[in-house]
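Step one of this worksheet: look at the structure below.
The values are calculated or read from the model by the stated rules, or taken from the named source; none is laboratory data. This one's a predicted model, so the numbers in the text were calculated from it and none came from an experiment. Here the Cβ is made from the backbone with ideal geometry for all residues, glycine too, and neighbour counts use every protein chain on show.
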Amino acid sequence: AVPEHGAGEEVRYHYLTFAWIVGGLIEKVTGRKYEDYLSDVIAGPDGLTVAGEEETLVGMTAVPSRLETFGIYLGGIPKKMDTNRLAVLSMEKISPPPNTNSHDNNDNGKTEVHTTSREENTNNAKSQPSEGEKSKKDQRKQVLAKYRGREQMLNPSVFNMRKVRGARIPSANGHASAFALATLFDSLVSPTTTTGGRVSPLESHIVDLAREVQPLPSSPSLSPSASSEKGGNSKQAMLSDGASFGLGFQSHSFTLADGRIVQSIGHSGLGGSILIALPEANLTVAVVINKLSMKSVARDKLLKIVFDEFGLSYPSSLGM
């Protein structure tokens, strides 16, 4: 195959395959499972712990990794983990717009479904597809048959299944509390942590490279200083929001209390969860959500409270 562009000239991102590729590279180079390697590199020989927050994993047959003792699971959850500790995912129900053929909204905002009338049934009978249309439909069904079941991966509630939670699914099956996630990421992007002054495995210039805004095909090379508050042209690189994209991380433009403009580093998740770190402000914040929504009002309010406390502007790229 001929590459569409030279290495480093354009940025592309996919919400599932990215971590499969990175995880595959880690396992090929190290000869270890990606979650085990990352656990040792991130947690370090002294472990990633904060007083009073270590997990107690009772009844585990296998020795938990350093990250697992902190409550972070990158390769599926243990079989004997208490189900009560796991959040249940659900989707926020969105009422259809008024004046649709099949649904109307009542005064309480609930949805009422109407049955089809006899006259409508008669009209439908008159508009039955021709033999040619049926043949084309059958052909489409045959083509799509091999993909049957895969559409369930687009249904977040599938991840409530215990077998799915225990599987190794890069990009989609990490488990952590907001506290654990923020503490983990802070240990990566900050020069030192609060846990004994351990040096971060990522040097500051690597963090800067990772959050440098990457160019799109239709845009010139962008840098944090050249990107706008709305994320520049790189907002096209993301499917869910207006964030720019760095080397595997999302980035938003923030104005600090002293007037400096800096780029954040982090990532958002399907349904509203988000992780944002600003090393210059000594801030890392994570919000994890189990009631998934395309527009989480609760998340936006929580982030605004945090940003106001730190004297930060709220980036329009976050969509508030």
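I'm trying to understand the selection: among the residues of region 288-305, which are surrounded by 14 or more Cβ atoms within 10 Å (Cβ to Cβ) and either over 20 Å from residue 186 (Cα atoms) or modelled with pLDDT of 95 or more (or both)?
The first filter runs over region 288-305 and keeps only residues surrounded by 14 or more Cβ atoms within 10 Å (Cβ to Cβ), leaving 288-293, 296, 299-300, 302-304.
Once the filter is applied, which keeps residues that are surrounded by 14 or more Cβ atoms within 10 Å (Cβ to Cβ) and either over 20 Å from residue 186 (Cα atoms) or modelled with pLDDT of 95 or more (or both), region 288-305 yields 290, 291, 292, 293, 296, 300.
Could you tell me how many of the residues in region 270-287 are surrounded by fewer than 20 Cβ atoms within 10 Å (Cβ to Cβ) and under 26 Å from residue 172 (Cβ atoms)?
Of the residues in that region, 2 qualify.
Name the single residue, out of those in region 21-73 being part of a loop (DSSP other than H, G, I, E, B) and at pLDDT 75 or above, that is farthest from the chain's Cα centre (by Cα). Reasoning before the result, please.
Within region 21-73, the subset part of a loop (DSSP other than H, G, I, E, B) is 31-33, 44-65, 70-72.
Keeping just the survivors that are at pLDDT 75 or above gives 31-33, 70-72.
Working: 31: 27, 32: 25, 33: 22, 70: 21, 71: 18, 72: 15 Å.
Taking the candidates together, the pick is 31.
Restricting the search to region 1-26, which residues are surrounded by fewer than 15 Cβ atoms within 10 Å (Cβ to Cβ), closer than 29 Å to residue 243 by Cβ and free of Cβ contacts under 8 Å to residues at least 24 places away in the same chain?
3, 4, 6, 7, 8, 14, 21, 24, 25
Evaluate region 294-312: report whether one residue or more is among the hydroxyl-bearing types (Ser, Thr, Tyr) and in contact (Cβ under 8 Å) with a residue 60 or more places away in the chain. Break it down stepwise before answering.
Keep residues of region 294-312 that are among the hydroxyl-bearing types (Ser, Thr, Tyr), which gives 296.
Next, from what is left, pick out any that are in contact (Cβ under 8 Å) with a residue 60 or more places away in the chain: none.
Within region 294-312, none of the residues are among the hydroxyl-bearing types (Ser, Thr, Tyr) and in contact (Cβ under 8 Å) with a residue 60 or more places away in the chain.
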